[in-house]
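Heads up: the structure comes next, in structure tokens.
The values are calculated or read from the model by the stated rules, or taken from the named source; none is laboratory data. Here the structure is a predicted model, which means the values were calculated and not measured. Here the Cβ positions follow ideal geometry from the backbone for every residue, glycine too, while neighbour counts run over all protein chains shown. Ligands, DNA and RNA are stripped out before the accessible areas are found, and what is left, the full protein with its side chains, is counted by its heavy atoms. Shrake-Rupley method; radii C 1.70, N 1.55, O 1.52, S 1.80 Å.
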Amino acid sequence: MYKRKTSKSTLLLMELVMVIFVFALCAAVCLGLFGASQKMTDDSDNLNHAVAISRTAANCYKAVNGDLTNLAEQMHIPAALCEQDRMRVYYDKYWEPAGQAADDGYYLQIDSLSDTAMHTADITVCHMDGAVIFQLQVKKAALYTGGELYAAE
């Protein structure tokens, strides 16, 4: 009988196709992970900026005893952005202060909840789409001397 020889090149070709498939699958997984890590880096960067801006605003709020007009001056912000009990500061996508809202920017909002005994404020940093990045509540007791509560001038 005649024996037919099997070609080893067919086996080698199938093995190469399988190896290329495995490498392509690994590359696709790695690209997905790189994309996710870039988003995590951006989120972390935004959180760092939001915390720094909130802490600065909180320290200035305490320094001016809850007066938002003086707070705007301390932070070098135009007074037009201040309402009676609310102040809003806009930032661009690079976290630089901006005069107006931008679609890809951020904003810092300070809601003053002061009364005669305690100066309290809610400080919130949000993306323009409304997603809250960081939130902080600040409290400072009003000064007490001689039987009267008063805020320092």
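Assorted remarks:
- Other-chain or far-sequence residues with amide H under 5 Å of Met118's (modelled H): Ala142
- Computed from point charges on the beta carbon alone (+1 for Lys and Arg, -1 for Asp and Glu), the dipole magnitude for region 1-74 about its Cα centre is near 1040 Debye.
- Those aspartates and glutamates that a straight Cα-Cα span of less than 13 Å connects to Lys93, excepting residues fewer than 8 apart in one chain: Asp42, Asp43, Asp45, Asp103, Asp104, Asp129
- Accessible surface calculations at 1.4 Å, restricted to protein heavy atoms, place region 33-122 at 60 Å² per residue.
- Partner lysines whose Cα lies under 25 Å from the Cα of Lys8, excluding those fewer than 8 positions away in the same chain, are not found.
- Cα-based reach from Lys139 at 16 Å (exclusive), listing aspartates and glutamates while leaving out same-chain residues under 8 positions away: Asp67, Asp85, Asp111, Asp115, Asp122
- Nonlocal amide H pairs with Ala98, under 5 Å, H built at 1.01 Å: Tyr90, Tyr91, Asp92
- The portion of the accessible surface of region 16-126 made up by carbon and sulfur, rounded to a whole percent, is 60 (1.4 Å probe; DNA, RNA and ligands excluded).
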